[in-house]
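Below is one structure, written out as structure tokens; the observations come after it.
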Amino acid sequence: MLPSVRLIGSRLFAGTNASDHSRRIRDDAPTPVSLLVVLLFSVPALAADGVTVMTRNMYFGADLTPAIAATTVPALILAATHIFAVVNASDVPSRVDGMAAEIAKARPDLVGLQEVAIWRAVYPPTFSPTGFDFLELLLDALAARGEHYVVVATT
């Protein structure tokens with residue numbers, strides 16, 4: 001019997017393509033070493049039909065090339081302003097809510113996340129910070145649906 005607490009692992013990969021994968025891992029299927037380590041220490045006994053795994057690319061919201069290519073401070077400020085505007089336009093809360101709905105419907109035992117980002121804008125210093133914490137938004141959206149996951153790793 002699987003434990004009642006389900007697991008989320010997350011990693012930020014800059015520049016990867018957005019892609020989603022879901023699959024059921026069977027006892028005879030090859031498993032990544034990192035997943036095997038999580039299972040060995042987290043799941044005392046596996047169900048006969050295996051463990052359900054879902055991966056999602058959260059897409060951090062913008063192309064960072066303009067900031068990387070900036071050669072002056074004004075160009076960097078302009079690029080950062082543009083990038084943050086693009087992230088805002090990508091409607092992060094709605095995207096994360098949709099992802100939470102997919103996860104809640106599938107109810108996987110393990111969820112792997114890529115491009116999990118924290119975006120913050122604090123300029124000028126007298127302004128209140130604004131931004132998005134993708135993982136916090138996702139966990140809150142899952143909790144609102146009665147689904148409770150525990151973060152087991154972030155890098």
Review point. Going by the conditions given, is Asp49 at pLDDT below 95, surrounded by 11 or more Cβ atoms within 10 Å (Cβ to Cβ), assigned to a loop (DSSP other than H, G, I, E, B) and acidic (Asp, Glu)?
Key: no
Point to revise | For Asp97: the one exception among (1) crowded, with 16+ Cβ neighbours inside 10 Å; (2) modelled with pLDDT under 95; (3) not β-branched (Val, Ile, Thr) | key: (2)
Point to revise | strands (runs of 3 or more DSSP E) completely within the range 80-153 that count 1 or more residues being free of Cβ contacts under 8 Å to residues at least 40 places away in the same chain, within 17 Å of Asn57 (Cα to Cα) and among the charged types (D, E, K, R) | key: 130-133
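The values are calculated or read from the model by the stated rules, or taken from the named source; none is laboratory data. Quick caveat: nothing in here was measured; it's all calculated off a predicted structure. Note that each Cβ is placed from the backbone with ideal geometry, even for glycine, and that neighbours are counted across all protein chains shown.
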